[in-house]
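Only one structure is covered here, and it is reproduced in the block below.
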Amino acid sequence: MTSLDRRSALLALARGGCALAALGTGCGGEWRQAVVLAPPPEGAACSGAPPPGTAEQGWVEVRLEDHPALATPGGHAEVRLPEALLDVVLVHVSPGCFVALWRICTHGDCAVAWLPDEGVMECPCHGSRFAQDGQILQGPARRPLTAFTAVRKENSVFIHRPR
């Protein structure tokens, strides 16, 4: 019987993990190639969006003055409003158009981060990646992030949080 030192044992485990990942069975989820999306064409994220309604209908107001990073396209901000049960990343994707995505990864309860250069949300815990519409680009997450309707009206963005 051969004795393994600590380094050899760790290398063997790492090689086995890489082999499982290559087969698409590692980490309990399927492996998918990451896809980097270009920003949507101007107006695409907000075309056909309904006008915002009332708080009783589930519309939550986010004042742009409270989140200066949202002033220009490409800007983003974490918006946490516990009283409205809302915890999202709000992204200004093109002039006047916004996307709001749930901020907690569906795989492991970690806060996802917006990667502006790539136009995706990424989970720092296990590497799941999500498109601007919340769809999974790369696992191990198996469920998309919830995407909320976000509409700009004057100096605010209204996010629809269905009740």
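The values are calculated or read from the model by the stated rules, or taken from the named source; none is laboratory data. Predicted model only: the values in this text are computed from it and were never measured. Note that we place each Cβ from the backbone using ideal geometry, even for glycine, and neighbour counts take in every protein chain shown.
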- prompt: Within the range 53-78, can you find the residues that are over 17 Å from residue 133 (Cα atoms), crowded, with 18+ Cβ neighbours inside 10 Å and under 20 Å from the mean Cα position of the chain (by Cα)?
  reply: 60, 62, 70
task: Look through 109, 117 and report the one residue that is in the same structural domain as residue 85 (by TED's automatic domain parsing), part of a loop (DSSP other than H, G, I, E, B) and at positive phi.
output: 109
statement: Only one of (1) more than 8 Å from the chain's Cα centre (by Cα); (2) surrounded by fewer than 21 Cβ atoms within 10 Å (Cβ to Cβ); (3) within 17 Å of residue 157 (Cβ to Cβ) does not apply to residue 119, and that is (3)
task: Kindly provide the set of residues from the range 129-163 that are small (Gly, Ala, Ser) and either touching an Asp or Glu at 6+ places or on another chain (Cβ under 7 Å) or closer than 24 Å to residue 69 by Cα (or both), ordered by number.
output: 131, 134, 139, 147, 150, 156
